[in-house]
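The values are calculated or read from the model by the stated rules, or taken from the named source; none is laboratory data. Worth saying up front: this structure is predicted, and the values here are computed from it rather than measured. Glycine also receives a Cβ, built like all others from the backbone with ideal geometry; neighbour counts cover every protein chain displayed. Surface areas here come from the heavy atoms of the whole protein model, side chains and all, with no ligands, DNA or RNA. Shrake-Rupley method; radii C 1.70, N 1.55, O 1.52, S 1.80 Å.
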Amino acid sequence: MPNILVVEDSPTMRQLISFAMRRVPASKVIEATDGVDALKKLSSNGVDLILADINMPVMDGLKLVSLVRGNPAYKEIPIIMITTEGAEEDKKRALSIGANAYLTKPVQTQQLVKLVGDFLSK
Amino acid sequence: MEEGSIIKKADEFLQVFKKGEEFTKDILRENERLRFKLAEVEEMLARGGEEARAGVYANRIKLLEDELKSLKERFMQVEEENKDFASKYLEVEEENNNLANLYVASYQLHSTLDFSEVLRIVLEIVINLIGAECFGLYLVDEKTNELEAVAAEGISASELPRVVIGEGLIGKVAKEGDSYFSENIEASSRKPDEPIVCIPLKIKEHVIGVIAIYSLLVQKRSFSHVDYELFNLLAGHAATAIFSSKLYTQSERKLSTIQGFLDLLKDKPRR
């Protein structure tokens, strides 16, 4: 059963993404409210994929990506960014530090589900 | 006499022999003719069999061609049906997603009675689900009958001036209760009196506030069907959630004031 870590400070978005992940067969969602919370959840759960927002309090999504990529234990976990930041340079920056995909809000659920499915099947 | 009789018998025998020869020749000719005839008949029969076989094959081919044609038609029909099902499936999936968005928005709006939390949820919905970058949430001030910005994103609420109901675009939306959508939603304006979208927050026909959107996120180029559904949801559910949480917060405040008085009264005699 793949574990999907949803890192998002907005409860509305967390619930919406968790709802969408119900359509990923036999997956389990673990929720985190910011980067620090995500690192804690990462260490206590086997995580197969991370869905992370960029703008979050305490620790933002970009910092989280660089810390995850810096840890050999989590290096291979696919990370999909979901953010309101739609500028091309934001996308390039996120991908250059190790994010695998970049989606902008408002997120298209079908696109998100397909992307998650593709990464989990690899 | 004997010699004459012998010659006569020899002539007779010769005649018989000649007749026998002619008869044999006749038989041989007849035999030849019959053989020829037989060959002809055999050839005709052979030719007739091939034609019959060709006829059978032609019929089979025609039947198979008809079957192939009907199978092709059925295949096309099934393919069309498949396409139809696929597009219906996508439609249903999109509708499911839209309903999930609406459910989550509605669930979140009614998940708390804390006024400031309800305002935060409204902001979250407008940012994350609609894709607005800069907007303000105005509520009617019952005392002055003016609209006052109580929350905003992309601009400070304090920068948004009070609006007299009936005046300007926002005031007009508050007065008439009808949503406003600019024809050019990509044109971003941060002027407080020039929103691109205005949504009245209504409880039945009573307007309690307005959401005024000034610009959308760069990736948001147009509104979809679900956006209008969300606007409708916000118009009703956000209004109810804001109104009830405001009343609850006010009553909580009043209750704590009354409680404070009661505590004060209880304490007094002891002193």
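Return the only residue of B:GLU94, B:GLU73 being surrounded by 15 or more Cβ atoms within 10 Å (Cβ to Cβ) and not assigned by TED's automatic domain parsing to the domain that holds B:ALA235. Lay out the reasoning, then the answer.
On the way: B:GLU73 fails: surrounded by 15 or more Cβ atoms within 10 Å (Cβ to Cβ).
Only one candidate qualifies: B:GLU94.
Could you please find all residues in the range B:86-110 being of a type in the set (Gly, Ala, Ser) and either within 8 Å of chain A (Cβ to nearest Cβ) or touching a residue at least 24 places away in the same chain (Cβ under 8 Å) (or both)? I'd like the intermediate steps shown before the answer.
Within the range B:86-110, the subset of a type in the set (Gly, Ala, Ser) is B:86-87, B:100, B:105-106.
Scanning the range B:86-110 gives B:ALA100, B:ALA105, B:SER106.
How many residues, within the range B:219-245, are in contact (Cβ under 8 Å) with a residue 24 or more places away in the chain, more than 14 Å from B:LEU109 (Cα to Cα) and open to solvent by 10 Å² or more (accessible area, probe 1.4 Å)? Quick ask: steps written out before the conclusion?
Let us first name the residues in the range B:219-245 that are in contact (Cβ under 8 Å) with a residue 24 or more places away in the chain, namely B:219-223, B:225-227, B:229-231, B:233-245.
Next, only the ones that are more than 14 Å from B:LEU109 (Cα to Cα) stay: B:219-223, B:225-227, B:229.
Cutting the leftovers down to open to solvent by 10 Å² or more (accessible area, probe 1.4 Å) gives us B:219-223, B:225-226, B:229.
Here the count works out to 8.
Find the residue count for the range B:124-138, including only residues that are open to solvent by 10 Å² or more (accessible area, probe 1.4 Å) and away from chain A (no Cβ under 14 Å).
Total satisfying the criteria: 0.
Hey, can you tell me all the residues within the range A:78-111 that are surrounded by 20 or more Cβ atoms within 10 Å (Cβ to Cβ) and of a type in the set (Lys, Arg)?
A:LYS105
Restricting attention to the range B:179-218, report how many residues are free of Cβ contacts under 8 Å to residues at least 40 places away in the same chain, over 17 Å from B:CYS134 (Cβ atoms) and within 30 Å of the chain's Cα centre (by Cα).
Number of matching residues: 1.
Would you check if B:LEU169 is open to solvent by less than 30 Å² (accessible area, probe 1.4 Å) and either in the same structural domain as B:ASN128 (by TED's automatic domain parsing) or at pLDDT below 85 (or both)? Outline the logic, then answer.
Details: open to solvent by less than 30 Å² (accessible area, probe 1.4 Å): no; either in the same structural domain as B:ASN128 (by TED's automatic domain parsing) or at pLDDT below 85 (or both): yes.
Answer is no for this residue.
How many of the residues in the range A:43-53 are surrounded by fewer than 23 Cβ atoms within 10 Å (Cβ to Cβ) and within 12 Å of the chain's Cα centre (by Cα)? Let's see the steps before the verdict.
Going through the range A:43-53, the residues surrounded by fewer than 23 Cβ atoms within 10 Å (Cβ to Cβ) turn out to be A:43-49.
Next, from what is left, pick out any that are within 12 Å of the chain's Cα centre (by Cα): A:47-49.
Of the residues in the range A:43-53, 3 are surrounded by fewer than 23 Cβ atoms within 10 Å (Cβ to Cβ) and within 12 Å of the chain's Cα centre (by Cα).
Quick one: which of B:TYR214, B:TYR248 is modelled with pLDDT of 90 or more and either open to solvent by 80 Å² or more (accessible area, probe 1.4 Å) or part of a helix (DSSP H, G or I) (or both)?
Working: B:TYR214 fails: either open to solvent by 80 Å² or more (accessible area, probe 1.4 Å) or part of a helix (DSSP H, G or I) (or both).
Only one candidate passes the filter, namely B:TYR248.
Being under 21 Å from A:VAL113 (Cβ atoms) and away from every other protein chain (no Cβ under 14 Å) is true for just one of A:VAL36, A:VAL58, A:VAL65, A:VAL47. Which residue is that?
A:VAL47
When you scan the range B:145-161, do you find a residue that is among the aliphatic types (A, V, I, L, M), in contact with a helix residue (DSSP H, G or I) (Cβ under 8 Å, 6 or more places away or on another chain) and open to solvent by 70 Å² or more (accessible area, probe 1.4 Å), even just one?
No - not one qualifying residue is present in the range B:145-161.
Out of the residues in the range A:106-115 that are touching a residue at least 60 places away in the same chain (Cβ under 8 Å) and touching a Lys or Arg at 6+ places or on another chain (Cβ under 9 Å), which is farthest from the other protein chains (Cβ to nearest Cβ)?
A:VAL113
Looking at (1) touching a helix residue (DSSP H, G or I) at 6+ places or on another chain (Cβ under 8 Å); (2) open to solvent by less than 60 Å² (accessible area, probe 1.4 Å); (3) farther than 21 Å from B:VAL104 by Cβ, find the lone condition where A:LYS75 falls short.
Unmet for A:LYS75, out of (1) touching a helix residue (DSSP H, G or I) at 6+ places or on another chain (Cβ under 8 Å); (2) open to solvent by less than 60 Å² (accessible area, probe 1.4 Å); (3) farther than 21 Å from B:VAL104 by Cβ: (2).
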